[in-house]
Each structure stands twice: as structure tokens, then as C-alpha cells.
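Here the structure comes first, spelled out in C-alpha cells, and everything after it is commentary.
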Amino acid sequence: MSISDCISALFGNGSQANVRIMQNIRVPRIIAAIVAGAGLSLSGLIMQTNLNNYMASPSTLGITNAAVFGANVSIIVFAGGFLNTGNNLSSYMAGTNPYATSAVAFVFSILSILLILGLCRIRSFSPGVLVLSGIAIGSVWTAATTIMQFYATDVGLSAAVIWSFGDLGRATYETDLIMTVVLFAALIFFMLMSQKYNAMLSGDETATSLGINVKTLRFVSLLIASLFIAVSVSFLGTIGFVGIICPHIAKKLFGQNHKVSIPASALTGSILLLCADSLSRTIGNGSALPVGAITSLLGAPFFVALILSRRGKHA
Amino acid sequence: MLEIKDLHFGYDKGKNKVLNGINLTLEEGKIGILLGRNGAGKTTLFKTILGIEKPGSGDILIQSKSILGLSYKERAKQISYVPQLVNFGDLTVYETILTGRIPYFGFSAGKEDHEEVKKVISEMSLEELSEKSTEKLSGGERQKVAIARAIVGKPKLIVFDEPTGNLDLSNERLLIEETKKLSKEYGITILCSLHNLNEAVELGDSFFFMDEGVVKYSGGNELFTEEVIEDIFKVNVKVVNIENKILITGE
């Protein structure tokens with residue numbers, strides 16, 4: 001489709017196929033890239049600040065592992081049959097209930113979040129305990145997924161594997177709306193807390209001495225960030241590295257003041273995911289590659305460079 | 001005036017006792033120095049004063065009013081903290097000092113908060129560093145910014161946790177002068193823990209020697225005798241008096 005065809009189709013002009021592709025597939029996909037990119041990046045930033053760990057990302061607390069497990073339960077155990085990758089028009093809207101797998105993935109994500117935050121609430125609720133709990137519980141979900149996949153049928157296994165690829169093609173206007181509502185709620189809360197996050201950069205003791213109830217703020221912030229991750233991963237699958245790269249780019253460009261780095265991270269995430277999605281459709285030779293694979297491919301070298309530059313800094 | 005009355009605290013729900021009945025009185029606008037070996041309970045005492053840990057029993061009073069029942073915010077308006085390891089993240093000096101006004105503004109800084117920050121920056125001669133990233137500051141400059149952040153909230157008490165621990169000699173001198181200024185010019189009461197006894201003698205008005213979670217000796221610089229130091233630190237030192245200045249050697 002040419003650019004003029006795209007614009008015409010966007011306003012309902014041109015061939016029926018073009019209008020359908022543009023309005024039902026491309027637009028929800030672009031909105032999903034903007035919203036999911038912003039939310040994942042924002043969640044990554046909040047995790048990095050609250051866990052006092054510059055390597056923290058949406059996957060640190062094992063939420064994505066829990067979502068993948070939930071999706072596998074739906075597909076393999078309950079035969080959710082969510083095979084829609086967004087690449088094939090004939091399979092678009094396939095399945096009796098397209099939200100079944102997402103719903104189960106979401107339920108397990110929330111269970112995992114509550115389990116980790118609950119455990120840490122009982123204990124000291126220190127960032128170190130949180131990260132270790134996240135890694136441990138994430139490993140349990142991964143192990144359980146592997147065992148389930150071992151007993152799955154060929155069709156179930158392939159459906160489960162396809163689901164785990166991050167794919168913006170699954171987005172619909174309904175899923176975009178849900179993600180947008182959660183994103184804006186999170187954005188407002190994080191912006192209101194931006195000065196408190198600035199204080200947290202000095203450590204828990206100093207932040208407490210500045211009048212902040214650090215444990216409660218950390219709990220609520222991580223819960224809200226996790227909620228967006230759960231919604232996003234349940235609808236779109238695993239999209240790696242956006243949540244770790246983009247906050248670092250934003251902080252590098254605009255500094256660490258959260259009043260600026262929060263909107264800057266959201267914007268950077270949207271741009272990166274939009275670019276990665278365009279790239280995935282361009283190099284896919286007719287079919288879109290999973291965007292999660294593209295973001296990871298782009299992200300891994302950046303991540304290594306980041307580690308090396310940090311090492312140099314502290315050497 | 002700061003008063004601490006029979007303060008008890010233990011980690012793991014009181015099982016591992018660290019503070020075993022702290023009693024301490026520090027006059028308003030004076031500098032009190034906490035001294036003692038590692039593990040004597042100095043840092044834990046600070047944590048209970050700041051509200052990071054809740055004491056099992058006892059009371060902490062500022063100007064005869066208990067602070068234990070206060071919210072984090074209300075307590076922060078009365079007490080500020082200058083830690084040993086000063087780390088602000090990659091914020092500018094101005095942004096860092098502004099966080100000292102959080103107890104007053106909550107979500108977003110108002111005109112009055114910005115005016116207070118500018119006033120403190122001017123008083124502490126930090127104008128040139130104002131827009132510089134705190135990551136690019138020297139150890140002494142960072143301590144100065146930490147002090148600026150502590151006083152911008154207009155506290156009645158500032159708690160210093162071993163502030164000279166990571167500083168070279170020139171920055172150490174600078175910090176001692178700044179701290180004395182806080183007490184004299186701003187009338188702020190200061191409670192500070194130190195390891196260096198000579199620094200303590202130079203800086204303090206009152207001294208509290210801690211051992212096993214209690215204040216074993218409290219008073220003025222007459223406490224700096226070889227017997228008291230040996231009892232607290234288990235080391236032999238020589239205390240000499242040169243022109244009315246106490247010097248402790250052999251530490």
C-alpha cells in the first residue's frame with residue numbers, strides 16, 4: 001500500500017481490503033506500539049528507581065514468566081487455541097474467545113505480583129529481597145511452563161510458543177483502550193510522585209528522613225508498574241528490552257530528575273517500539289517478525305555496552 | 001532541646017537488643033557528639049530518631065514534645081539527616097536541595113519552596129554549582145549539598161552520621177566549619193556521630209559515650225580522660241592538654 005492509499009483507507013476510502021487492513025489491523029497495531037512502548041519503558045524506569053537497581057526491568061519481578069505460564073495453561077490445559085499472530089488475515093479473530101488466553105495470563109501475572117509483594121511486605125521489603133524473590137518466583141513459573149510444554153500436544157506446543165512471541169498484531173481497539181486507561185492512570189500517579197522518586201535516589205534512610213513512607217510508596221509504585229506489565233504481556237506477549245533500554249536512553253539524554261525522565265521514558269519507549277515494529281514488518285519479507293525478537297536483538301548489544309560503560313565508570 | 005528517655009530497641013521484633021535504655025539530653029542549638037565502638041548502637045539510635053525503626057519503649061522529645069507519634073511528614077519538618085555516604089543520583093544541585101522541601105510541598109514544589117532553595121544556595125555559596133550534576137561533585141561539595149538539603153526544610157534537629165568518614169583533610173575542615181555555622185548562625189541542634197576523638201573535641205559542646213546500647217558517660221569535654229576512653233574503646237591513649245586544647249594521641 002502506498003502512503004496515499006494508507007491515508008485514504010484510514011478515512012474509509014479505497015478498496016474494502018485496504019480499509020479493513022488499515023482500520024482493523026494497522027491502526028490498532030500502531031496504537032498498541034505507542035501505548036505498550038510507553039508503558040513498558042515507564043514501568044522499567046519505576047522499577048529501576050524503586051529497586052535501586054539500574055538493571056531492573058519489567059521482567060525483573062518475574063511477571064512476564066507468570067504471564068507466559070498462564071497463557072500456556074490456557075492453551076495447553078484449557079485449549080484456549082489462541083493462534084492469532086496478526087500476520088494472517090484468515091486467522092484474524094480466530095478462536096471462540098480471543099481474550100481467554102490473555103485473561104488467564106493476566107490472572108497469573110497478578111497472582112505472581114501479589115505473591116512477591118506480599119512476601120516482601122512480611123519481610124523487610126528491601127530492594128534486594130524484592131529482586132531475589134522476583135528471580136526465584138520467575139524461575140518457578142518458567143520451570144512449570146517447561147514441564148507443561150513437555151506434556152503438550154504438537155499443536156498445543158506450537159500455539160503456546162507462538163503466543164510467547166511478543167506480537168503487536170494481536171492488538172484490537174478494545175485491548176488498546178484497556179492498555180491506554182491503565183497507562184494514563186499509572187502516568188498520573190508516577191508524575192505526582194516524581195519528587196519523591198528523586199528523594200529515593202539518595203537511599204531509603206534519607207528518603208524516610210525527608211518525610212516519605214518508603215515501604216508504602218515502593219509497594220504501590222511496583223504494584224501499578226506491574227499492573228501495566230501484566231496487561232501488556234497478557235495482550236501482546238513478551239516484548240523484551242524496551243523496559244530496560246528506554247529508561248536508560250531517557251536518563252542519559254535528560255538526566256535523572258523524574259519530573260522529566262518519566263515523560264521522556266514514555267516517549268522513548270513509544271518511539272522505539274514503533275520503529276521496531278516497522279522494522280519487523282519491513283525485514284519480515286511479507287510477514288511481520290515478532291516485535292519482541294526485534295527489540296531483544298536491538299537491545300542486547302545496547303545492554304552489553306551499558307554494562308561495559310558502567311564498569312569503566314566504576315573502575 | 002532534644003531529650004531521649006529510656007529508649008529500648010531490638011531487631012527481629014525486639015529479640016536482638018541494640019538499644020538498652022538510652023538516656024540523653026541535648027540543649028537547643030548545641031552540638032552533641034555520639035562516640036563509641038562499632039556496634040555500640042549509634043546508627044540504630046539515629047534510625048529510631050529518624051523514624052526508620054520504631055523503638056520498643058521509651059520516648060524521644062523535641063522541645064518537650066514527643067515525636068514518636070508523628071507522621072513521617074511531620075517528623076521530617078523537625079528532623080533532617082546527613083548520611084555518611086552521600087549519593088543523590090544524577091540530579092542537579094538545585095533539584096537535590098529542592099527534595100529537602102518535600103515535607104512541605106508533597107507533590108509539586110511551590111513558589112515559596114523555590115525561594116527557600118535559592119536562599120539556602122546563596123547562604124551556602126553554592127550558586128556556581130546550582131545547575132551542575134551532583135555526580136560531578138567532590139566529596140566535600142556533596143557533603144555541603146547534603147547540608148543544604150538538610151537545612152532547607154528548617155529543622156529543629158539535624159542528625160549527622162559519621163559525616164567526615166569519607167573526606168580528605170581539607171574537606172573535613174570545611175565540614176567542621178559548616179557544622180559549627182549551623183549551630184551558631186541557625187540555632188539548629190545537632191547530633192553527630194564521629195570516630196575521630198580529636199575532631200569530636202573540636203566540634204562538640206556535649207559528648208555521649210555509648211557502650212552496649214546505653215549512654216555510659218555524658219557531659220562536656222572533661223570526659224576526655226584516658227580512663228573513660230579506655231573503658232569505652234578498650235585502647236590505651238594519651239590525653240594531653242596544650243593551651244586549654246585537648247589532644248588525644250595514640251588512637
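The values are calculated or read from the model by the stated rules, or taken from the named source; none is laboratory data. Remember, it's a predicted structure, so these values are computed and weren't measured experimentally. Counting neighbours? That spans all protein chains shown, and the Cβs are built from the backbone with ideal geometry, glycine included. When the accessible area is computed, the model is the full protein with side chains, heavy atoms only, and any ligands, DNA or RNA have been set aside. Shrake-Rupley method; radii C 1.70, N 1.55, O 1.52, S 1.80 Å.
So what does B:SER206 come to for accessible area, using a 1.4 Å probe and Å² rounded to 10?
Surface open to solvent at B:SER206 totals about 30 Å².
Calculated FRET efficiency, B:ASP90 and B:GLU227, Cβ-Cβ r, R0 45 Å, to nearest 0.05? List each step's numbers first, then the result.
Working: r = 50 Å, r/R0 = 1.10.
Calculated value: 0.35.
Ignoring ligands and nucleic acids, what accessible area does B:GLU53 show with a 1.4 Å probe (Å², nearest 10)?
Near enough 50 Å² of accessible area.
Would you mind listing how long the protein assembly as shown runs along its three principal axes, going by Cα atoms, in whole Å with the largest first?
Per principal axis, max minus min of the Cα coordinates gives 99, 50, 44 Å.
So for the pair A:PHE302, A:SER126, with labels modelled 7 Å out along Cα→Cβ, what separation do we get in nm?
3.2
Between B:VAL240 and B:GLU131, what length in nm is gained on full extension when 0.36 nm per residue of separation is reduced by their alpha carbon distance? Before the final figure, lay out each step's value.
Working: separation 109, 0.36 × 109 = 39.24 nm, distance 4.66 nm.
Taking B:VAL240 through B:GLU131 to full extension adds about 34.6 nm, to one decimal.
Among rounded, prolate and oblate, which fits region B:4-91 when a ≥ b ≥ c are the square roots of the eigenvalues of its C-alpha gyration tensor, a/c under 1.5 means rounded, and a/b larger than b/c means prolate?
On the way: a/c = 1.33, a/b = 1.14, b/c = 1.17.
It comes out rounded by the Cα gyration axes.
What are the ³J(HN,Hα) couplings of region B:209-225, residue after residue, when phi is run through the Karplus curve with 6.51, -1.76, 1.60 and θ = phi - 60°? Round to Hz, x for glycine and proline.
8, 9, 8, 6, x, 10, 8, 7, 9, 9, x, x, 6, 5, 6, 6, 10
For B:PHE160, enumerate residues with amide H under 5 Å from its amide H, sequence gap 5+ or separate chain, H modeled in the peptide plane.
Placed amide hydrogens put B:VAL82, B:LEU191, B:CYS192, B:SER193 under 5 Å from B:PHE160.
Using the Karplus curve 6.51 cos²θ - 1.76 cosθ + 1.60 with θ = phi - 60°, what ³J(HN,Hα) values do you get for each residue of region A:10-25, in whole Hz, with x for Gly and Pro?
Karplus values, whole Hz, x for Gly and Pro: 4, 9, x, 9, x, 5, 4, 5, 4, 4, 5, 4, 5, 6, 9, 10.
When N counts the residues of chain B, how does its alpha-carbon radius of gyration compare numerically with 2.2 N^0.38 Å, as a ratio? Could the numbers behind the result be given before it?
Values: Rg = 18.4 Å, N = 251, 2.2 N^0.38 = 18.0 Å.
Taking the Cα Rg and dividing by 2.2 N^0.38 Å, one obtains 1.02.
In whole angstrom, how far apart do the alpha carbon centroids of region A:1-76 and region B:125-175 sit?
The distance from the Cα centre of region A:1-76 to that of region B:125-175 comes to 45 Å.
Describe numerically, in nm with one decimal, the distance between label points set 7 Å from Cα along Cα→Cβ at B:GLU185 and at B:LYS65.
With each label point 7 Å from Cα toward Cβ, the separation is 2.8 nm.
Over what distance in Å are the Cα centres of region A:230-245 and region A:162-228 separated?
Measuring centre to centre over Cα atoms gives 14 Å.
Would you rank A:THR282, A:THR180 by solvent-accessible area, highest first, keeping every protein chain in place and using a 1.4 Å probe? If you can, show how the numbers build up before the last one.
Working: A:THR282 105, A:THR180 40 Å².
Highest to lowest solvent-accessible surface, that is A:THR282, A:THR180.
Please list, ordered by chain and number, the residues whose modelled amide H lies under 5 Å from the amide H of B:THR92; skip anything fewer than 5 residues away on the same chain.
For B:THR92, whose amide H was placed from the backbone, the distant partners under 5 Å are B:THR134.
Rounded to the nearest 0.05, what FRET efficiency do A:LEU115 and B:LYS111 have when you use their Cβ-Cβ distance and R0 = 56 Å? Working shown, then result.
Details: r = 45 Å, r/R0 = 0.81.
So, using R0 = 56 Å, E works out to roughly 0.80.
Given a 1.4 Å probe and heavy atoms of the protein chains only, how would you sort A:MET47, A:MET22, largest accessible area at the top? Before the final figure, lay out the partial values.
On the way: A:MET47 0, A:MET22 20 Å².
Sorted descending by solvent-accessible area, the residues read A:MET22, A:MET47.
So for the pair A:THR282, A:VAL19, with labels modelled 7 Å out along Cα→Cβ, what separation do we get in nm?
According to this spin-label approximation, the distance is 3.1 nm.
Which ³J(HN,Hα) values, rounded to whole Hz and listed in residue order, are derived for region B:177-188 from phi using the Karplus coefficients 6.51, -1.76 and 1.60 in 6.51 cos²θ - 1.76 cosθ + 1.60 with θ = phi - 60°, glycine and proline given as x?
5, 4, 5, 4, 4, 4, 5, 6, 7, 9, x, 7
Over region A:3-310, what relative contact order in percent results from Cα pairs under 8 Å that are six or more residues apart?
Contact order relative to length: 30 percent.
Using a cut-off of 12 Å between beta-carbons, work out the net charge of the residues near B:LEU45 (Lys and Arg +1, Asp and Glu -1, B:LEU45 not included). Can you show the working numbers first?
On the way: positive: B:LYS42, B:LYS47; negative: B:GLU53, B:ASP161.
So the environment of B:LEU45 carries a net charge of 0.
Let me cross-check B:VAL239: its accessible surface, 1.4 Å probe, with only protein heavy atoms counted, in Å² to the nearest 10?
Probe radius 1.4 Å; accessible area of B:VAL239 about 40 Å².
Based on the alpha-carbon gyration tensor of region A:131-209 and its eigenvalue square roots a ≥ b ≥ c, which shape applies: rounded if a/c is under 1.5, prolate if not and a/b is larger than b/c, or oblate? Mind dumping the intermediate values first?
Values: a/c = 5.16, a/b = 1.61, b/c = 3.20.
Note, shape of region A:131-209 comes out oblate.
Hey, what angle do you get for helix B:139-152 against the long axis of chain B, alpha-carbon based, 0 to 90 degrees rounded to 10?
The answer is roughly 80 degrees.
Classify region A:161-315: rounded, prolate or oblate, from the alpha-carbon gyration tensor (a ≥ b ≥ c, eigenvalue square roots; a/c under 1.5 rounded; otherwise prolate if a/b is larger than b/c)?
Values: a/c = 2.41, a/b = 1.45, b/c = 1.67.
Oblate.
Students sometimes get this wrong: rank B:SER218, A:SER74 by accessible area, probe 1.4 Å, all chains present, largest first.
On the way: B:SER218 75, A:SER74 5 Å².
Heavy-atom accessible area, descending, gives B:SER218, A:SER74.
Please pull out the direction-averaged projected area of region A:3-310, using the convex hull of its alpha-carbon atoms, in nm² to one decimal place.
Mean shadow area of the hull around the Cα atoms is 16.4 nm².
With runs of 4+ DSSP H residues as the only contributors, calculate the mean residue ellipticity of the protein assembly as shown at 222 nm using -39,500 (n - 2.57) per run, divided by the residue total and rounded to the nearest 500. Could the numbers behind the result be given before it?
On the way: 24 runs with 313 residues, N = 566.
Calculated mean residue ellipticity at 222 nm is -17500 deg cm²/dmol.
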